[in-house]
Amino acid sequence: MDKPTLAIIVPCYNEELCIQHTCHILLDLLDSLIDKNKIKNDSFIYLVDDGSVDNTWKIIEELHKENKRIKALKFVRNFGNQKALIAGLEGVRNIGCDCTVSIDADLQQDENVIEKFVDEYLKGADIVSGIRNNRKTDSFFKKVTALMFYKTMNILGAKIPPNHSDYRLVSKRVLDIMELYPEKYLFLRGFFNELGLKTVYVNFGVKPRFAGKSKFNFMSLMTLALNGITSYSVVPLRFVAVLGFFMAFFGFVVGIETVIEKIFWHNSPNGWATAIILLCVFGGIQLFCLGLIGEYVGQVFREVKARPRYIKDVELK
Ligand code: UDP
Ligand code: MG
């Protein structure tokens, strides 16, 4: 395979403390890969400013002035990390590249692994996915919720490898296929996984964030997880139907038993407590199931409106 033009996508949200340092490191990395004759010298960095409210964009403009290999896109407001990544993938495709890697602005992912990604690409892989060696830098809470999410996704049929991250290389072929997916709330991890193109997994080490704070909170992680589940599985809906069937069956059997008891033994069943408990349990299950169906209705609602995924403010090419 010919040596590729590589684009490195970096989503940035309020990363004024990181972005300059990150760009210098990534430029050095591009230079070293060019020297090793692994990528073409028009390879570039593509920063997506996800509506930062600090000095991130100012710094990006400076960086772009100094070096045209740093290109950038700014959103009018914050649209979230997934949208920033999608915009990055679409942006580098428009500018022109053969393959692209996405990496976080805090360089928590070991950037030197990009060389291995490129090696795998040169050997013919369309997707090279980074798998974390460990989750040492994550809080206990994040470890547990992440594990639960991957287990749930696997049970539901979307086989996403655990400790997967948005650190990956994809080829131009994948970018072209992405164009065919009109979903506004495309869940990238599910999408890449479902394509069935040649995928290679490469382990990488995780470092602590070198400056600033994590931009994710519980709600944003929950939203991401729910979007992942409702985009890639209808198993929960079937589960509701099966659960409903068994609950109705149970009620039917208990009803018959009560009638028989009344006819043959003249026993009036007592047990207010039992009745109240069952009422609460079944009422709760029903509301839970309604909420679950509601998530899917919400997904349809958002997709049907077909609002733009993000709105561009400025692009520096
Ligand atoms: N990010 C973004 N938009 C957001 C939140 C985060 O573009 O609304 C970017 C952020 O700047 C970083 C990456 O997504 O480059 C990962 O975020 P962070 O490092 O805060 O997440 P964590 O490492 O804690 O999962
Ligand atoms: Mg981080």
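The values are calculated or read from the model by the stated rules, or taken from the named source; none is laboratory data. These figures come from a predicted structure and were not determined experimentally. Cβ sites come from the backbone with ideal geometry, for glycine too, and all protein chains shown count toward neighbours. The accessibility values were calculated without ligands, DNA or RNA, using every heavy atom of the protein model including side chains. Shrake-Rupley method; radii C 1.70, N 1.55, O 1.52, S 1.80 Å.
Checked against the criterion of being in a helix (DSSP H, G or I) and within 16 Å of ligand 1 (Cβ to nearest atom), the candidates Thr152, Thr100, Thr145 yield just one match: Thr145. Sub-8 Å Cβ pairs linking a first residue in segment 56-80 that is hydroxyl-bearing (Ser, Thr, Tyr) to a second residue that is open to solvent by 30 Å² or more (accessible area, probe 1.4 Å), at least 6 apart or interchain, are Thr56/Tyr13; Thr56/Asn14; Thr56/Glu16, ordered by first then second residue. In segment 180-193, the count of residues that are more than 16 Å from ligand 2 (Cβ to nearest atom), touching a residue at least 40 places away in the same chain (Cβ under 8 Å) and either β-branched (Val, Ile, Thr) or in contact with a strand residue (DSSP E or B) (Cβ under 8 Å, 6 or more places away or on another chain) (or both) is one or more.
A count restricted to segment 142-181 and to residues that are open to solvent by 70 Å² or more (accessible area, probe 1.4 Å), within 30 Å of Asp2 (Cα to Cα) and of a type in the set (D, E, K, R) stands at 3. For segment 93-108, the set of residues classified as surrounded by fewer than 22 Cβ atoms within 10 Å (Cβ to Cβ), away from ligand 2 (no atom under 16 Å from the Cβ) and hydrophobic (A, V, I, L, M, F, W, C) consists of Ile95 only.
Quick check on Leu237: is it touching a Cys at 6+ places or on another chain (Cβ under 8 Å) and at pLDDT 85 or above? Against the criterion (touching a Cys at 6+ places or on another chain (Cβ under 8 Å) and at pLDDT 85 or above), Leu237 does not qualify. Residues of segment 1-36 that are of a type in the set (D, E, K, R) and surrounded by fewer than 24 Cβ atoms within 10 Å (Cβ to Cβ): Asp2, Lys3, Glu16, Asp28, Asp31, Asp35, Lys36. Take segment 200-235 and flag every residue that is more than 21 Å from Val101 (Cβ to Cβ), of a type in the set (A, V, I, L, M, F, W, C) and within 16 Å of ligand 2 (Cβ to nearest atom). Selection gives Ala211, Phe218, Leu221.
Only one of the listed residues (Glu111, Glu90) is under 29 Å from Asn163 (Cα atoms), open to solvent by 30 Å² or more (accessible area, probe 1.4 Å) and either touching a residue at least 24 places away in the same chain (Cβ under 8 Å) or in contact with an Asp or Glu (Cβ under 8 Å, 6 or more places away or on another chain) (or both). That residue is Glu90. Pairs meeting the criteria (first residue in segment 118-141 and within 30 Å of Ile177 (Cα to Cα) and open to solvent by 20 Å² or more (accessible area, probe 1.4 Å), second residue among the aliphatic types (A, V, I, L, M) and within 15 Å of ligand 2 (Cβ to nearest atom), beta carbons under 8 Å, at least 6 apart or on different chains) are Arg132/Val206; Asn133/Val206.
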